[in-house]
């Protein structure tokens, strides 16, 4: 009998106190923030030249004020991460700039951590599985090639060149002065040689000095000489 009374007393007390317990639970739930920040960031797919400042942007939203947003980064497969605090901008935008002297090939590892005032934290990427951006060597400065001056020969117009070649061909086709008078030249040379021989023989065989005229007629003219009679 006593046990039944106690049970009924507990049930009645719970029914009477239930509205107050529900309100108290709602107050506790409202005061405690269990929702972490939401990080909106797409990994960088394009290559970045080495030596240039790298700016990483992200959009972060939360139902409570944000405490801080940290960007962690390191060289490819490095051991220790370096970190910088990302700066807030308009429309929930946060940006972090990495100095150019830290941007080296072949790649850069990074991840983002956002924390709110309630102590909730959210990560985009992890220290053991970071995001990666590919780094390429800087483009070499183009060296100015030495200016080389190539002499250009003057060229004749096609019409003048054709006329000039035609004239040269005609001149080469014309018989030379030697070819025109070839026969006369040969006869004259032979005649002169014969005359010289006869004069020489006549002088050598003559006993006296009486000259005997010798007349030779050629196609080029006549030759007269006085030679002693043998």
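The values are calculated or read from the model by the stated rules, or taken from the named source; none is laboratory data. The structure presented is a predicted model; accordingly, all values stated were derived computationally and were not measured. Cβ sites come from the backbone with ideal geometry, for glycine too, and all protein chains shown count toward neighbours.
In table form, for the structure just shown:
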| item | result |
| --- | --- |
| Residues of the stretch 47-70 that turn out to be under 24 Å from residue 137 (Cβ atoms) and part of a strand (DSSP E or B), as a count | 5 |
| Some residue of the stretch 133-151 being at pLDDT 95 or above and closer than 30 Å to residue 33 by Cβ | no |
| Subset of the stretch 71-101 that is part of a helix (DSSP H, G or I) and free of Cβ contacts under 8 Å to residues at least 40 places away in the same chain - its residue that is nearest to residue 120 (Cα to Cα) | 92 |
| Residue count for the stretch 109-140, restricted to those that are more than 38 Å from the chain's Cα centre (by Cα) and assigned to a strand (DSSP E or B) | 7 |
| Residue satisfying all of: in the stretch 29-46; part of a loop (DSSP other than H, G, I, E, B) and in contact with a strand residue (DSSP E or B) (Cβ under 6 Å, 6 or more places away or on another chain); surrounded by the fewest Cβ atoms within 10 Å (Cβ to Cβ) among these | 43 |
